[in-house]
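These notes concern the structure reproduced below.
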Amino acid sequence: MSQANNDITGRLVLITGASGGIGSACAAEFAKHGCDLALTYSSNKESAEALKHKLLAGSEKETTPLGNQLKVTIHKVDLASPEETTKLCEGVQKEHGRAIDILISNAGYGKRIRDVSFVPLPEIS
Ligand SMILES: NC(=O)c1ccc[n+]([C@@H]2O[C@H](COP(=O)([O-])OP(=O)(O)OC[C@H]3O[C@@H](n4cnc5c(N)ncnc54)[C@H](OP(=O)(O)O)[C@@H]3O)[C@@H](O)[C@H]2O)c1
């Protein structure tokens, strides 16, 4: 049986919700491992662009494990829309010229619900 290859250096990672807190932290970690990144935002373009700028500036100072510049792209998408989600995947593959290796499906908004014994359907969907 062949061994699993867990070396992520140079892999292409799609991170949804990268304009938010957890998504941007994930992006920083994958960048440290020399991964190329496709980052999504829904409404907060400024955060996504600032993150891209920061990651590229960082990778200029510290050589990535492959010794090259990271490729980072940003994509606007509403993941509640199946059409936009399909277009996102096609757009990422076109811009990077290869298939996505890793998906971090992180986008979403949290909402604190104190009484979980009854949650109305609209709150779930
Ligand atoms: N933080 C916590 O304590 C916690 C706990 C449990 C679970 N989570 C989950 O972890 C994930 C990230 O949390 P976070 O704290 O980093 O949240 P956050 O800072 O509010 O970021 C949410 C991200 O999701 C994006 N997003 C929301 N709805 C979207 C949609 N319909 N289509 C595309 N993108 C959408 C936002 O895009 P824009 O800002 O660009 O609109 C943003 O990038 C969420 O799914 C959250 O529910 C968080």
Pick from the range 74-90, criterion in contact with a strand residue (DSSP E or B) (Cβ under 7 Å, 6 or more places away or on another chain) and free of Cβ contacts under 8 Å to residues at least 40 places away in the same chain, ranking: nearest to Arg11 (Cα to Cα): His75
By residue number, the members of the range 37-53 that are in a helix (DSSP H, G or I) and either more than 9 Å from the ligand (Cβ to nearest atom) or surrounded by fewer than 14 Cβ atoms within 10 Å (Cβ to Cβ) (or both) are Lys45, Glu46, Glu49, Ala50, Leu51, Lys52, His53
Is it the case that some residue within the range 63-71 is at pLDDT 95 or above and not charged (D, E, K, R)? no
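Just checking, how many residues over the range 1-34 are within 21 Å of Leu79 (Cβ to Cβ) and more than 10 Å from the ligand (Cβ to nearest atom)?
Of the residues in that region, 5 qualify.
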Within the range 14-36, tally of residues that are part of a strand (DSSP E or B) and under 22 Å from Ser81 (Cβ atoms): 2
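Can you name every residue in the range 91-125 that is touching a residue at least 24 places away in the same chain (Cβ under 8 Å) and away from the ligand (no atom under 15 Å from the Cβ)?
In the first step, residues of the range 91-125 are kept if they are touching a residue at least 24 places away in the same chain (Cβ under 8 Å); the result is 92, 95-96, 98-108.
Passing the criteria: Glu95, His96, Arg98, Ala99, Ile100, Asp101, Ile102.
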Selection from the range 74-107 of residues crowded, with 16+ Cβ neighbours inside 10 Å and in contact with a Lys or Arg (Cβ under 8 Å, 6 or more places away or on another chain) yields Ile74, Val77, His96
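The values are calculated or read from the model by the stated rules, or taken from the named source; none is laboratory data. Predicted model only: the values in this text are computed from it and were never measured. Cβ: placed from backbone, ideal geometry, glycine included. Neighbour counts: every protein chain shown.
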